[in-house]
Amino acid sequence: MSQDTKIKKLVVVGGGSAGWMTALYLNTLYNHADKNFDITVIESPDIGVIGVGEATVHSIRFFFQAMGLDEHELLRETNASLKTGIMFQGWMQPNSDGSLHKYFHPFESQLSGSVLDISSLWMMSDKPHHGRYDESVCLSTPLAKAGHSPKSNTSRQYEGLVPYGYHIDAVLLGRFLRRKAIEAGVTHVQATVDKVDIEGDNITALHAGGNIYSGDYYLDCTGFRGLLINKLKQDNWQSFKGALPCTKAVAIQRKMPVGVSPRSYTVATALSNGWAWQIDLVNRQGTGYVYDGDRISSDEAEQELRTFLGFDSDVIKCVHLDMKVGCLKEFWVGNCIAIGLSGGFIEPLESTGLHLINLSAGLLATHLDKTHISQCVRDSFNRLMNGFYQDLKQFIVLHYCLTNRTDTDFWRSAPATVNETPWLKDQLKVWQHKVCEYQDLAGSFSTVFSDENYRYILYGMQHYPKLDLTVNPAITNGVFDRVQAHAEKILNASKPHADYLKQINL
Ligand SMILES: Cc1cc2nc3c(=O)[nH]c(=O)nc-3n(C[C@H](O)[C@H](O)[C@H](O)COP(=O)(O)OP(=O)(O)OC[C@H]3O[C@@H](n4cnc5c(N)ncnc54)[C@H](O)[C@@H]3O)c2cc1C
């Protein structure tokens, strides 16, 4: 490692979303008039990117903004559409009238009640007997139902009427970020790393394409391979398979069905042994089936997905993927930091792959320094990263464990996954008697998802507290009337999602 140079060398191996997002972010932050880091991205021309990862959470837009990206250019270059949340379908048995059970998880916080929180008010009103929780407490559901965009004519870049993320072509995103990073001064090397030199806990050099590359820090962004980090530390993996048994996926890209315009939300439909995603881009639809490979074969999964999509689907391509679900115990070992799939992966039910890269890059930015890094800094990074993954594991388990489906062994086993997340198991008992609130989660991990998100899932899955109380009806009705009035205002201010996308792509 160089001790005397002022500018430190940062070598990123991997040119997927993890590599380019992290390189561009650190370059934007730390290379201005004073250059702090000399950043090189080494990307194999022979090993492809995973090429999935097309839905995001809403906070990713602030990360894109922090990278200095023009939002309109980003949308145009990646065939992106806007996303206000996820519509879950069939995660419970059909409703009493035989219709498909549905609920929406928007990015938006619940609107507040004036005297008591809106969740308690909703529970004490007659609303649970008449409608869905999300329909009563936020503005994103009416917008999604009307097919409207979360942005108005006058919304500024990265601002909306309600919080929103994106549906984005993963391969085009990588190319776009690569171009932006190179324009901003990041060095790009196209070569495959075939040898890693190590001394103690540190990498001293990488061999790629007949050349040797050395740096002060090495970022392992090589995807599920974890090429660098796995050479530095053995027995460094914690599997989440017990909690999250879906470790395989089949992804199908198809042309947009005729007459269908892109929806401003992701659809997640429960199938026999997992669930299917549908993500609408401007020019095509990304779909896939995330399933438990111990229960059905890849052929059966592909067949089930094709049947679900309809036989008239105009398929562009179909790929099968193995998913390594879990995370490292130590993401930062010596001078090497794993970011992206090399560090861990939680199945994509809440579209959190890019979000975890965003969180990792953000944490790295606050832990990195040009002087010697103490072990306590690495320990802090590792503890916080572990918190993110454990927290997320628990939140995904919540989606499964509340099901009352009994049609397959997979669904009959789903409630038992909560045994892998003891805190959640205990807390679900408490939430049978009171609403979920901020304080319930504040003391736990470094939360990725808050009480706001938990409530949408809990009440979407009908895990209502039994509250033997009545509240003054004048208070209750006033709140829900105000939400209705606000929703009408916002519908008038917005336009169809399809029109917004047309305008962007003119
Ligand atoms: C089925 C599925 C669905 C998903 N859906 C979502 C979603 O909806 N939303 C979301 O946010 N995330 C999602 N993800 C996660 C998302 O795809 C990843 O988090 C994201 O693409 C980052 O991948 P990566 O850059 O870590 O790895 P990769 O894309 O695999 O990139 C690895 C890079 O390393 C390079 N490389 C490998 N070995 C070498 C070597 N020896 N020398 C040089 N270079 C090398 C490769 O060339 C490549 O450039 C999903 C993942 C899966 C599996």
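A short reminder: the numbers here are calculations on the coordinates, not readings from a lab. All figures in this text were calculated on a predicted structure; none of them were measured in a lab. Cβ placement follows ideal geometry from the backbone for every residue including glycine, while neighbour counts extend to all protein chains displayed.
So the values come out like this:
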quantity: Computed over segment 248-322, the ratio Rg/Rh where both radii use C-alpha atoms and Rh is Kirkwood; calculated: 0.96
quantity: Segment 8-42 versus segment 224-256: alpha-carbon centroid distance in Å; calculated: 24 Å
quantity: Pairwise centroid distance, computed over Cα atoms, of segment 286-315 with segment 472-490, Å; calculated: 42 Å
quantity: Order of Cys376, Cys327 - criterion: other Cβ atoms within 10 Å of each residue's Cβ, fewest first; calculated: Cys376, Cys327
quantity: Kyte-Doolittle at least -0.5, axis length at least 27 Å by Cα - qualifying DSSP helices, the chain; calculated: 375-401, 473-493
quantity: Least to most buried among Glu108, Glu437, Glu488 (fewest other Cβ within 10 Å first); calculated: Glu488, Glu437, Glu108
quantity: Of every Cα-Cα pair in the chain, the percent that sits beyond 44 Å; calculated: 15 percent
quantity: Sequence of Ile50, Ile168 once ranked by neighbouring C-beta atoms within 10 Å, starting from the fewest; calculated: Ile50, Ile168
